[in-house]
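The values are calculated or read from the model by the stated rules, or taken from the named source; none is laboratory data. In this text, all values refer to a predicted model and were calculated from it rather than measured experimentally. Here the Cβ positions follow ideal geometry from the backbone for every residue, glycine too, while neighbour counts run over all protein chains shown.
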Amino acid sequence: MKEPVILLVDNDKAGKEVLGAIHNNISRKDRKTKNKIDNMQPYIHVYRNLYLVFTPLQEGKTESQIEDLFDTSTLNMEIEGKRFNRSDDKATATTYSKAVFARKVVEENSSSINFEGFIPLLDRLMKVIESHYAQRKENR
C-alpha cells in the first residue's frame, strides 16, 4: 500500500492494550521501532505503512481520550435534559452515551463547535503523513 494507514487510539488503558497487541503480533525483525515504545511520542511507525497515533495528553494528565479535545461547553451540552457521561457507553435516566454525543452533539452542531482542541492531534496526523511520504521518496 502506498498510503499511510493510521490507527488513532485513546491514550488510556485500552489504547495501551492496542499497542501491546500490535507489538506482540509483529515479529521483532519486521518492527519499525526497535526501542521501547512510548505513548508520549507524536506517533509510532509500526510496520511498513502502518502508524499508531495516541490522543495527546493534556498538561498534568497521564491518560487522555478523544473527548478531552472538545471544549467544556461542548462536553456540557444537554440532550433532552440529559448530560454526557463519557465513562459509560450506555445511556441512563440522567445521562447520554458516547454514541449520542457523536450524533446529537458533534454531528448536529459541528458548525458551531470550537475544534481548536484538536489542533495537537491534527499536528500528529500531519507528522505521520509527512514522514510517510518523505520515506517513500527516499526509497525510490
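Can you find a residue that is among the acidic types (Asp, Glu), over 30 Å from residue 137 (Cα atoms), within 16 Å of the chain's Cα centre (by Cα) and modelled with pLDDT of 90 or more anywhere in the range 74-93?
Checked against the condition, which is being among the acidic types (Asp, Glu), over 30 Å from residue 137 (Cα atoms), within 16 Å of the chain's Cα centre (by Cα) and modelled with pLDDT of 90 or more, the range 74-93 yields no hits at all.
Can we say residue 115 is surrounded by 13 or more Cβ atoms within 10 Å (Cβ to Cβ) and in contact with a Ser or Thr (Cβ under 8 Å, 6 or more places away or on another chain)?
So residue 115 does not fit the description; no.
In the range 36-80, how many residues are within 12 Å of residue 9 (Cα to Cα), in contact (Cβ under 8 Å) with a residue 60 or more places away in the chain and in contact with a Phe, Trp or Tyr (Cβ under 7 Å, 6 or more places away or on another chain)?
Qualifying residue count for the region: 3.
Could you tell me whether any residue of the range 22-43 is under 18 Å from the mean Cα position of the chain (by Cα) and modelled with pLDDT of 85 or more?
yes
Does residue 125 satisfy the criteria of being touching a residue at least 60 places away in the same chain (Cβ under 8 Å) and touching a helix residue (DSSP H, G or I) at 6+ places or on another chain (Cβ under 8 Å)?
no
Which of the residues that make up the range 56-72 are charged (D, E, K, R) and within 13 Å of the chain's Cα centre (by Cα)? Spell out the reasoning first.
Filtering the range 56-72 for residues charged (D, E, K, R) gives 59, 61, 63, 67-68, 71.
Across the range 56-72, the qualifying residues are 63, 67, 68.
Given the residues 140, 83, 103, which is the only one that is loosely packed, with under 12 Cβ neighbours inside 10 Å, among the basic types (Lys, Arg) and without any contact (Cβ under 8 Å) to a residue 24 or more places away in the chain?
None of the other options fit; the residue is 140.
Can you confirm whether residue 62 is surrounded by 11 or more Cβ atoms within 10 Å (Cβ to Cβ) and hydroxyl-bearing (Ser, Thr, Tyr)?
In short, no.
How about the range 95-140: which of its residues are at pLDDT below 95, part of a loop (DSSP other than H, G, I, E, B) and over 30 Å from residue 48 (Cβ atoms)?
97
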